[in-house]
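Down below is the structure, laid out as structure tokens.
The values are calculated or read from the model by the stated rules, or taken from the named source; none is laboratory data. Small disclaimer: the values here were computed from a predicted structure and weren't measured. Glycine also receives a Cβ, built like all others from the backbone with ideal geometry; neighbour counts cover every protein chain displayed. These area figures cover heavy atoms from the full protein model, side chains too; ligands, DNA and RNA do not enter into them. Shrake-Rupley method; radii C 1.70, N 1.55, O 1.52, S 1.80 Å.
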Amino acid sequence: MGLQLILRACKMPKRVQAGLVLSSVSQDRKIRISMETQRVAVIIEDDKDIRDLLHAVLQQSGFEVHASPTGSEGVEAVRTHNPAVVTLDLGLPDIDGFEVIRQLRLFSDAYIVMLTARAEELDTLMGLEAGADDYVTKPFRPRELRARISAMMRRPRKDGVAGAAEAAAPA
């Protein structure tokens, strides 16, 4: 209402006033919608330097980021924050990344990017079969990781956890 009074005081034509008010309302709505739908990411990584780098990359990409140094804390963070994306190291201090994926797939349809130093083909295959959406080996290129995550986010999940379970089931 305040904007309309200001526009009237400026003696603008009503048609121009209506356009500016609508534009202002539209902008306000866009800001509210983007705040309500901010994307969330969870990092599960025991190496603090890599965790900090991932945090910066994901935050710059517009994610609200939560980081966990262990697998069990990571599973709880995913349960609590319901992220769109999870980055996951295989070599964690408490439980390995394959077990973390198995636990996550019981309740989450988040995109999972395995980010690990294990470069063997068998590890890659096991990670993807366990439910990972992508597998990136360390050292990694931050811009490439950002591009991979953006590409995944352009392909929305269809039916939540049920859809993820069906996609993971052998044909």
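Below are the figures for this structure:
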item: Rg ratio (alpha-carbon, reference 2.2 N^0.38 Å) - region 37-116; result: 0.96
item: Heavy-atom accessible area order for 108, 150, largest first, 1.4 Å probe; result: 150, 108
item: Surface accessible to a 1.4 Å probe, residue 98 within the full protein complex, Å²; result: 10 Å²
item: Pairwise label distance in nanometres, residue 76 with residue 117, each label 7 Å out on the Cα-Cβ vector; result: 2.7 nm
